[in-house]
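Have a look at the structure below, then the notes.
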Amino acid sequence: MALNAKANPNYVAKRINGKFAPGYSGNPGGSLEATRRSFNKDFLLALAADFKKHGAAAIEKVRKQQPAAYMKICALLVPREMKLEHSGSVKEMTDQQIDDAIAAIKQMIAEREAGMIDVTPTTSGRSEPESGQ
């Protein structure tokens, strides 16, 4: 039995000349993409509002109590692929620039080593306890 105005007096045409009548959708379940966009928008607005209230304190708490989670969040914020452009090679440097670069590297190494404690046992400059005293 066909559903139309003749068979059912309460029937309202959903299509008029191939177009949906006002108030009727071709997809009554809604668009999944529109639903996702709406959810994302609402979620991000709520997250932004919460961050304004508690953001800095929450970040500090995670950093202190869960450093691994904190570092994971930091890592996730870095793009997976970073485009690096190589410009200027050693071949293009002058002798003076190379000498300056070597001196800077030596200085950085010396500063780093100065901050470290050498725990290698040595016997030079150390007097052995005298026996028999």
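Laboratory data are not the source of any read-out in this text; all were calculated from the coordinates shown. These numbers come from a predicted model, not from an experiment. A quick note on method: Cβ atoms are made from the backbone with ideal geometry, for glycine too, and the neighbour counts reach across all protein chains shown.
Here the alpha carbons of region 30-79 define both size measures, Rg and Dmax, at 14.6, 44 Å. Rounded to the nearest Hz, the phi-derived 3J(HN,Hα) couplings of region 57-67 under the Karplus curve 6.51 cos²θ - 1.76 cosθ + 1.60 (θ = phi - 60°) are 5, 5, 4, 4, 5, 5, 4, 7, 8, 9, x, where x marks glycine and proline.
Label positions at I105 and K72, each projected 7 Å from the Cα along the C-beta direction, are separated by 3.8 nm.
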